[in-house]
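The values are calculated or read from the model by the stated rules, or taken from the named source; none is laboratory data. All values derive from a computational prediction rather than experimental measurement. Cβ sites come from the backbone with ideal geometry, for glycine too, and all protein chains shown count toward neighbours. Areas reflect the complete protein model, heavy atoms only, side chains present, ligands, DNA and RNA absent. Shrake-Rupley method; radii C 1.70, N 1.55, O 1.52, S 1.80 Å.
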Amino acid sequence: MNKLKHKSSNSAGAVIMRIAVYLFLTGLAFVFLYPFMIMLVDSVKTYADISNNTVKWIPRNFTLSNYKLALEALNVWRTGANSVIVTVLATVGHMISCSLVAYGFARYRFPLRNAMFAIVVLSILIPTQTIIIPSYITYTNMHIVDTHLPMILPTFFGFGLRGGIFIFLFRQYFIKVPKSLEEAAAIDGCGPLRTFAQVVLPSTGATMVVCFLLSMVWHFNDSYEPSIYLTNYDQYMLPQMLSMLSANLSNMQGDVADAAQNISNDMQIMYHRGVVMAAVTICLIPLFVLYVVMQRKFVEGVERSGLTGE
Amino acid sequence: MKKQKHGAAKRREAITGLLFVSPWIIGLCAFFAFPIFRSLQLCFVNVVNMTDYSVEWAGLDHFKEIFETDTWYIKHFLTSMKEMLLQIPLTNIFAIFIAILINKKFPGRTVYRTIFFLPVILGAGFVMSQLLGQGVQGEAMETVRSVLLPTQIRIYLGPKVTTFFTDFLSLITSILWKCGVQIIIYLSGLQSVSPSLYEAARVDSATEWEMFWLITMPMLTPIMLLNLVYSLVDYFINSDNLLFKHIQNTAFQLNQFENSSAMSWLFFLWAILLVLVIFAVMRPFVKKVKD
């Protein structure tokens, strides 16, 4: 545990060691933060500044026009609302269904339990891409293609985007919880479902927080499923919109775009860079707010979840 | 205790359990079983008519086609295997390393933790690939490189060493951004190691190095197993994967759904095989801890 504390008491070498560790961590932190810093800085640069190699961290001409363009190109109020609604509903679905199902797997014995759990693990391993065509057919038969339901509905049944992982994580937790509380509840005449909802679930805080955040983040960032199931412009979600950003920008800018088409692809990337960075920043705002609000709980959650791979 | 239960109680337990799992069973039937069946079926048939989905048996033709006529599949497969063999161990080594560093108690630890968790929250998936598309990764690497290795030294070392160094740094940068979840998992594993073990070792005047190999590592093996499997799965289902792009193109641009399906199932079987290998290799170590 306290390598630093331990040694600092006895030698000068320890001081150097400590400085080295800090330097190393700071270097790592720089690598981690770099993309986000660049993103923020470039989003307020003018095109002239972006194409100028000598301007790196401090923009010469501060501008918010990139944001104005990005907001427009993303159709942000509509798209953002779609994204937030789908993400929240899907996450709620995952939390309810996965904890319930995991509890069943962890606490009760029933025929085919192990076989079913093996299928849960398989469902983690099989990429969405592998089964996307038959899935599409399934949803067409249910008449829910072109709505947001294909992203939301499966999450209430333990499937959906990486649903298996959450079942797995919750199960890991439930297996380790001592049974005494539940037995006491049972003696007091509490039914299984009520025991689960009122006794077991409140104690899952840490695991719940980690799963909640991961589910939010994964759903919010997913562009693959929306791009398959949604064709109506008003239903688009943020990541999907991001991928079409360049095309949208060219449309909006009219004759400027004609000029942009004549220049090479690299140049075009450079040309839109400020706006793309602004758009990415806008997309990250909800996640960032979420992280700031939950950061403390998340870090604690990670510490307390005490995962073991057993 | 379970064995002493008689029939009725056992049956009641089974029914309660099944009730808890029932949402998942419904989900399995509604959303999962049919797509799995269809995509497996596609590997062995030719679709004659797309509208009513009539099929004819094709045997192993599609698999033959993959190996005999598709020049890209094996090529991409080998490339992604090579990449995976390099990435998964490196990801885990870095993740363990960072997890151990930020698990120590030192002033400012919270700040570093917050930063190291950022990529998990903000960098997952599409936003990050948008940033990478802008070449941010190369720039980060460029900055790091010029700090670590000044131009004069680079010229002195010659282009081969420089290229190697550049590639290596670029790899590390991209790995660092991807290992957030792994760091979290290792960190929670480290937290569950009882501090009394370290205290006892310290009383016996064990060095930091010995404690790492004799306490930390053995206690981490179950977590490491989990993490290796997670990294593997994450690598396999990542849509940036070259092989996956090829599979996608086969389906949606060449309209060869049958071939595409066969390819992805081959790939999937390979993934399962690798997971089993990891389990087999890790098992002796994991078991030792439990005893």
Collect the residues in the range B:170-188 that are open to solvent by less than 10 Å² (accessible area, probe 1.4 Å) and in contact (Cβ under 8 Å) with a residue 60 or more places away in the chain, keeping them in residue-number order. B:Ile175, B:Leu176, B:Cys179, B:Gly180, B:Gln182, B:Ile183, B:Tyr186, B:Leu187
Does A:Ser227 fit the bill of being open to solvent by 40 Å² or more (accessible area, probe 1.4 Å), among the hydroxyl-bearing types (Ser, Thr, Tyr) and closer than 18 Å to A:Phe166 by Cβ? no
In the list A:Tyr139, A:Tyr103, which residue meets the criterion of being open to solvent by less than 20 Å² (accessible area, probe 1.4 Å), more than 8 Å from every other protein chain (Cβ to nearest Cβ) and touching a residue at least 60 places away in the same chain (Cβ under 8 Å)? A:Tyr139
For the subset of the range B:44-65 comprising residues that are modelled with pLDDT of 75 or more and among the aromatic types (Phe, Trp, Tyr), which member is farthest from B:Met263 (Cα to Cα)? B:Trp57
Conditions (1) closer than 13 Å to A:His94 by Cα; (2) not in a helix (DSSP H, G or I); number of the one not met by A:Pro178: (1)
Out of (1) under 29 Å from B:Asn227 (Cβ atoms); (2) modelled with pLDDT under 85, the odd one out for A:Val199 is which? (1)
Report every pair of residues separated by at least 6 positions or lying on different chains whose Cβ atoms are under 9 Å apart, first residue within the range A:23-46 and within 21 Å of A:Leu284 (Cα to Cα) and at the interface with chain B (Cβ under 7 Å from one of its Cβ atoms), second open to solvent by 20 Å² or more (accessible area, probe 1.4 Å) and at pLDDT 80 or above. A:Ala29/B:Val111; A:Ala29/B:Tyr112; A:Ala29/B:Ile115; A:Phe32/B:Ile115; A:Leu33/B:Ile115
Of the residues A:Gly205, A:Gly164, which is open to solvent by less than 60 Å² (accessible area, probe 1.4 Å), small (Gly, Ala, Ser), under 30 Å from A:Gln235 (Cα atoms) and part of a helix (DSSP H, G or I)? A:Gly164
Within the range B:74-117, count every residue that is in contact (Cβ under 8 Å) with a residue 60 or more places away in the chain and of a type in the set (A, V, I, L, M, F, W, C). 14
Quick one: which helices (runs of 4 or more DSSP H) lie wholly within the range B:195-278 and hold at least 1 residues that are closer than 22 Å to A:Ile124 by Cβ, open to solvent by 40 Å² or more (accessible area, probe 1.4 Å) and out of contact with any Gly (no Cβ under 7 Å at 6 or more places or on another chain)? B:217-236, B:242-252
Can you go through A:Asp188, A:Asp234, A:Asp222 and tell me which one is closer than 22 Å to B:Cys179 by Cβ and acidic (Asp, Glu)? A:Asp222
Look through the range B:206-243, keep the residues that are free of Cβ contacts under 8 Å to residues at least 12 places away in the same chain and within 25 Å of B:Met81 (Cβ to Cβ), and return whichever of them is nearest to the other protein chains (Cβ to nearest Cβ). B:Ile237
Residues being among the hydrophobic types (A, V, I, L, M, F, W, C), within 11 Å of chain B (Cβ to nearest Cβ) and within 24 Å of the chain's Cα centre (by Cα) - total across the range A:196-210: 2
Go through (1) more than 8 Å from chain B (Cβ to nearest Cβ); (2) assigned to a loop (DSSP other than H, G, I, E, B); (3) open to solvent by less than 60 Å² (accessible area, probe 1.4 Å) one by one and return the number of the condition A:Phe110 breaks. (1)
Taking interchain pairs and intrachain pairs at least six residues apart, which have beta carbon atoms under 9 angstrom, with the first residue in the range B:1-12 and farther than 19 Å from A:Ser180 by Cα and the second at pLDDT 55 or above? B:Lys10/A:Arg109
